[in-house]
Structure formats: structure tokens, C-alpha cells
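The values are calculated or read from the model by the stated rules, or taken from the named source; none is laboratory data. Every value quoted in this text rests on a predicted model; they were computed, and no experiment measured them. Please note: Cβ atoms are built from the backbone with ideal geometry, for glycine as well, and neighbour counts cover all protein chains shown. Just the protein is used for accessible areas: all its heavy atoms, side chains included, with ligands, DNA and RNA removed. Shrake-Rupley method; radii C 1.70, N 1.55, O 1.52, S 1.80 Å.
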Amino acid sequence: MGYPSVERRRVLAAAALGRESRVPGPDPVDGEPLRAVVGEVLDVSPHLITIETPSGTQERLVIAPWATAWHGADVAPADLPVGSMVLMRALRDGRVIERIWADTTRITGTILSIEGRRDLTVELDCGPHRGHRTVVIPYRSSGRLQVRHPKFEPGYLFDAIGVRRDGASLALLPATSQPPYPARSVPPPPPAYKQTRISGTATWSDTFDEEERGAAYPMLERADTGCAQAGVSCAGLPYLSVGSLLQVRNVCSNRSSNVPVVACGCMAGRFCDRCVECDTSPRGRIAELSPSSYVELGGELVKGCFNAQIGWG
């Protein structure tokens, strides 16, 4: 998903601006770091899980007694099916698992069409760099989703969390309350003034590489990204370039990390919504994180967002 030479561009930008080039990764003052572990389940029991990572290595990890799992619904970790793809949050140098999400996906875009009477098939435009995507809304989930998406019609935004099953994406939970305006009518940002940190909503997307740490950012130069829809946000964000480093702080967990900007967040910029995870955030999505970066900052995938502050690395 990302653009080439991100690390080199960050170093050159720091040199041009006369500042220190920071190192991506968690803030060491936040206590014991969290680690995101990704892989395919080879074997699982109430106490141990064995996975194959995307690089082809096997890892055998301890499941904490208090660990929980989600696979379309809350399940016991030992009930996860062999062959499922999991993202796990781990403690103690990544060896003890406390939270598992299996086959989890997020579907974010502009509604193009809706078909069906019970199970609904929705086609979405997910932006020029992500293309079109089709999602199935099972009948049992349609009411819950449409309560949070009252403008369930072409031209409006859609954002849901679900699972990948038999080659299809199933939308099960609303990730947000749908903005009331069409996707092309994002409210203008407030008057700009100099800020060292900006508050808003951080979300996640599964369109990053499986183990990638990074962020998509709405206010990128269009010529820099080749994305004609970049540069839209109601949050009053400054323009940055690919390779910039964001200092992202999860206000809810009080964890911080330096996260590189690796992609265009043009779709995130169209959501002028709030996160109410631990308090009510200001309007606007200020960063869209890879799942690994999101989890390592203490985020819960099925909750969809956390209140965040960002600064500049």
C-alpha cells in the first residue's frame, strides 16, 4: 500500500528542516510495550497458540488466562478455527497473548449500489488507490448497521467492521455513525492557526500490508501521492508529505508512538465524525493506522477508533 523510499524521505525532510530525525516505534516512557503479532493459526488450545507468520516462520505463544478473542463475535481463544488469520496483542516481549482478532476486516468507502432484500450486497468506492469493494450485510446485522447509517443510499459514506469468510467480506458492526452529508460535501475545516498538537479521531484500515507499521494521512500533496482526492479534511490539518513521521498518542490508553506516513488517507478525510471511546473527540479523522500500529497503541479493532492527538516527528 505504501510509497517507495519512505525512510529516506523522512531523513531528508528532517535534514532540510534542521531537526532531528526521530525513530519510528513506541515511546519508551509508556511502560511495557505492546506488540502486534500476525499469522495463520496452525494449532490452538486454551493455553497455547501456534501460528505461521507472513514470513513463513512458526511461533508458539502463551495465551494469558484473561485473554479474549473475536471472530465475528466474542469467542474463547481455544475455539478459533485452524486456518484463520489472526492479529494478536501481546505482552512480555511479544510472548504472552492477551487479545486476539480473527479474520477481521474493515470496509470503508462511498456507497455505489445496494442490492438484495434480506442479505444485502453493497458495492463501495474505497478511493482511487483502493478501488471498488463489495461487501455482504447479513440480514441479522442489517438493522444494527442501518440504525447507524440512516442515509443508506448511493453517494453516502459507509464504514463497518466484519469478517472475511469464504472469500467474501461480511459487515457485522457499524464502525461509526454515518456522517449526514454526501461523501463529496465534506464540511470545511476551521480557521487555521499554529498548533503543536492536533486532536481528533484515529481509526484503522486493513488495506496495509499484513505486518506494516504506518499511517494514511488525509492532507498530502496530490502531486506527491498521485491521489487526486487527497487534501480533504474538516480537521484543519497541515499538509505533509509521504515519509513524514506522526507522533500519535492514544488519549484513552495514554500510549504514544512515532508512526510514518506511508499512504494517502483521502477516504478517512471525508469522515467529519467523532470518536466517543473514552471521551468525545473533536470532529475529523486525523490518522488512519495500519492494524498493527493501531493495536500497539492500545486500540481495539472492533471499537473502530480511539481519541488521538498527533504531533510532528
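List of remarks:
- Contour excess over end-to-end distance, with Cα ends at Ser241 and Asp279 and 0.36 nm allotted per residue: 10.7 nm
- Gyration tensor (alpha-carbon) shape descriptor, region 122-202, a/c threshold 1.5: prolate
- Candidates Arg60, Arg133, Arg106, ranked by Gaussian network fluctuation over the chain, Cα under 10 Å, top entry: Arg60
- Restricting region 162-266 to trypsin sites (Lys or Arg not before Pro) in coil, as DSSP defines it, with at most 11 other Cβ within 10 Å: Arg184, Lys194, Arg197
- Whole-number accessible area per residue in Å² for the chain, which is evaluated in the context of all protein chains at 1.4 Å: 45 Å²
- Shape of region 170-273, Cα gyration tensor, a/c cut at 1.5: rounded
- Only alpha carbons enter this Debye calculation for region 50-184, each as an equal point scatterer, and the log10 of I(q)/I(0) it gives at q = 0.15 Å⁻¹ is -0.79.
- Carbon and sulfur %, accessible surface of the chain computed with the full protein complex present, 1.4 Å: 50 percent
- Here the calculated FRET efficiency for Ala228 and Ile114, from their Cβ-Cβ distance with R0 = 30 Å, stands at 0.70, rounded to the nearest 0.05.
- Of all DSSP bridge pairs formed entirely within the chain, close to 85 percent run antiparallel.
- GNM top mover of Ser244, Ser45, Ser169 - the chain, alpha-carbon springs below 10 Å: Ser45
- MRE, 222 nm, helices only [DSSP H, n ≥ 4, -39500 (n - 2.57), over the chain, to nearest 500]: -2500 deg cm²/dmol
- Selected from Ser293, Leu237, Leu172, residue furthest toward positive end of dipole (region 164-313; charges at beta carbon): Leu237
- For the chain: relative contact order, % (alpha-carbon pairs under 8 angstrom, 6 or more apart): 19 percent
- Residues Asp93 and Gln146, FRET efficiency given R0 of 35 Å [Cβ-Cβ distance, rounded to 0.05]: 0.20
- Partnerless cysteines in the chain, where a partner means another cysteine C-beta under 4.7 angstrom, comprise Cys126, Cys266.
- Region 118-203: chymotrypsin sites (Phe, Trp or Tyr not before Pro) in DSSP coil with no more than 13 other Cβ atoms inside 10 Å: Tyr193
- Whether the chain is rounded, prolate or oblate, judged on the alpha carbon gyration tensor where a/c under 1.5 counts as rounded: oblate
- Paramagnetic reach from Thr53 in region 67-108 [backbone N under 16 Å; point 7 Å along Cα→Cβ]: 86-97
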